[in-house]
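Q: Shown below is the structure under consideration.
The values are calculated or read from the model by the stated rules, or taken from the named source; none is laboratory data. Please read all numbers here as calculations on a predicted model, not as lab measurements. Cβ sites come from the backbone with ideal geometry, for glycine too, and all protein chains shown count toward neighbours. Surface areas here come from the heavy atoms of the whole protein model, side chains and all, with no ligands, DNA or RNA. Shrake-Rupley method; radii C 1.70, N 1.55, O 1.52, S 1.80 Å.
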Amino acid sequence: MTEFFASVTPDSLLAATAAFFGFLLVLFLGSRILPGTNLLGVRNADGSQISYRLNGFLLWLILVAVCALGTYKQLFSLGFLHTHFASLLVVVNIFAFTTTVLLYLKARGKKEELRSGPLGVIQDMFFGAELNPSLFGVDLKMFSYRPSLMGLGLLNVSFAVVQYQKYGFISQAMCIYQIFYFLYLCNYFQFEYGMVYTWDIIAEKFGWMLVWGDYVLVPFFYSLPGWYLVDRTEALPTWAIAGLAVLYTTGFILFRGSNEQKHQYKHNPKATIWGKPAETVGGKLLVSGFWGIGRKLNYTGELLMYSAWSLTTGFESVVPYILPLWLLCLFTHRAWRDEQRCAEKYGPLWKEYCARASFRMFPFLY
Ligand code: NDP
């Protein structure tokens, strides 16, 4: 740990600050300026609806193109992110905590959003006070997924760059890891519209939990397996490559398939799912497709994908496996929390739905 933070010098902090805020500014301006389809979000309690400009995919493609060109022409090296990882972690943490306080202060103008009681301020900072804060017309909750996931993508690539600089080639395991992550990120931004119906966007207020999760946890912790891949240079057996591909593809189908089915249904209740009109419980809860088998197969799918990229590191260390283990805890708790909300919202319909789709994430287990 001491060794890890030894790289945090004033010069490194300065460079990390410039890089982080430059990156954030470019993404914010891109989100504000670039064209994209406008999609109305769910109707809020006060009847209002937010219009989201979906230009994340274009922004992501531009970022990928600029980074690829810059690396090819040797204008800059993404290895910078690896070298200054600890300083970036410090800077982004300071940013996340400061933003939490600023968001709280902003929400104080709207007293009806605040919690009362002695712990009200702490809760408002932790869980957030405002549901949909925005800046210059950009919804901050939706925007924050961009620095979060694009930052994760760049940090991941920095591990490949460092491996190349160190060994003069990129290993099979590293290639597979990069391909898996690249597909996941492309897919996320291509189907960015699906975010509009996710629990975070609909129901979670924007406070420390989401801010720190987006800006710190996702890029810095989710890139954990990358550290272990830098020095894992041996070739993988064919059976391991095939196994990883099957695991990842299964996860991908469950994850994207179920999210897409829910999106299609919410957007158009008469949508066709697996060749038949969407079937529902009480006209409100989808029981067609994956949603009729398990109630949270989107979580199961994502967990399989994360397991696949941890498995690329082999079995020399358990540390990369902390990531899927963490997600398992997060998703089991989240599934339980979401179901509390749904049980309250849908009442007897939710019970009926649970009888139809009898498990959440794993048949017979959970
Ligand atoms: P869901 O996409 O499952 O959304 C939950 C909401 O969907 C519920 O609150 C309810 O909202 C609605 N819903 C639930 N069941 C049904 C049904 N049968 N028919 C119709 N609507 C239903 O969960 P999340 O928003 O938590 O997750 C979205 C994605 O994000 C997932 O794929 C997950 O894996 C991913 N994720 C990834 C994380 C990570 O760290 N990598 C962290 C969190 C999520 P309503 O009130 O609208 O009906």
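Q: Looking for whichever is out of contact with any Phe, Trp or Tyr (no Cβ under 6 Å at 6 or more places or on another chain), in contact (Cβ under 8 Å) with a residue 24 or more places away in the chain, open to solvent by 30 Å² or more (accessible area, probe 1.4 Å) and within 25 Å of Tyr184 (Cβ to Cβ) here; the options are Arg334, Arg356, Arg360. Which one fits?
A: Just one listed residue meets the conditions, Arg334.
Q: Are there any pairs, at least 6 apart or on different chains, whose C-beta atoms fall under 8 Å, with the first in segment 192-203 and within 10 Å of Asp338 (Cβ to Cβ) and the second within 6 Å of the ligand (Cβ to nearest atom), and if so, which?
A: Trp199/Arg334; Trp199/Asp338; Trp199/Arg341; Ala203/Arg341
Q: Within segment 132-177, restricting attention to residues that are open to solvent by less than 10 Å² (accessible area, probe 1.4 Å) and assigned to a loop (DSSP other than H, G, I, E, B), which residue is modelled with the highest pLDDT?
A: It comes out as Ser171.
Q: Sticking with this one: Within segment 203-249, restricting attention to residues that are touching a helix residue (DSSP H, G or I) at 6+ places or on another chain (Cβ under 8 Å), open to solvent by 30 Å² or more (accessible area, probe 1.4 Å) and of a type in the set (Val, Ile, Thr), which residue is farthest from the ligand (Cβ to nearest atom)?
A: The selected residue is Thr233.
Q: Still on this structure, I have one more. Can you pull out every residue in segment 51-78 that is over 23 Å from the mean Cα position of the chain (by Cα) and either surrounded by 11 or more Cβ atoms within 10 Å (Cβ to Cβ) or closer than 24 Å to Phe28 by Cβ (or both)?
A: Result: Leu69, Gly70, Thr71, Leu75, Phe76, Ser77.
Q: I would also like to ask the following. Exactly one condition in (1) without any contact (Cβ under 8 Å) to a residue 12 or more places away in the chain; (2) part of a loop (DSSP other than H, G, I, E, B) is false for Leu29; which is it?
A: Condition (2) is where Leu29 drops out.
Q: Let me ask another. What's the total number of residues in segment 40-53 that are touching a residue at least 24 places away in the same chain (Cβ under 8 Å) and in contact with a Leu (Cβ under 6 Å, 6 or more places away or on another chain)?
A: So the answer is 1.
Q: Hey, another quick one. Hey, any hits in segment 253-273 for a residue that's part of a strand (DSSP E or B), more than 26 Å from the chain's Cα centre (by Cα), surrounded by fewer than 17 Cβ atoms within 10 Å (Cβ to Cβ) and within 16 Å of the ligand (Cβ to nearest atom)?
A: Yes, segment 253-273 has at least one match.
Q: Looking at Ser87, Ser48, can you tell me which residue is farther than 30 Å from Phe4 by Cβ, out of contact with any Gly (no Cβ under 7 Å at 6 or more places or on another chain) and open to solvent by less than 60 Å² (accessible area, probe 1.4 Å)?
A: Ser48
Q: Same structure again: What's the number of the condition Gly117 fails, among (1) assigned to a helix (DSSP H, G or I); (2) open to solvent by 10 Å² or more (accessible area, probe 1.4 Å); (3) not polar (S, T, N, Q)?
A: (1)
Q: Trp291 - would you say it is open to solvent by less than 30 Å² (accessible area, probe 1.4 Å) and either at negative phi or under 20 Å from the mean Cα position of the chain (by Cα) (or both)?
A: Answer is yes for this residue.
Q: What about Asn298, is it open to solvent by 10 Å² or more (accessible area, probe 1.4 Å), within 10 Å of the ligand (Cβ to nearest atom) and touching a residue at least 60 places away in the same chain (Cβ under 8 Å)?
A: Criteria not met by Asn298.
Q: Another one. Considering only segment 301-321, how many residues are in contact (Cβ under 8 Å) with a residue 60 or more places away in the chain, more than 10 Å from the ligand (Cβ to nearest atom), crowded, with 16+ Cβ neighbours inside 10 Å and hydrophobic (A, V, I, L, M, F, W, C)?
A: The total comes to 3.
Q: Could you run through segment 178-198 and say how many residues are open to solvent by less than 30 Å² (accessible area, probe 1.4 Å) and of a type in the set (A, V, I, L, M, F, W, C)?
A: 6
Q: Looking at Leu69, Leu103, Leu75, Leu88, can you tell me which residue is in a helix (DSSP H, G or I) and over 27 Å from Leu135 (Cα atoms)?
A: Matching residue, one of Leu69, Leu103, Leu75, Leu88: Leu69.
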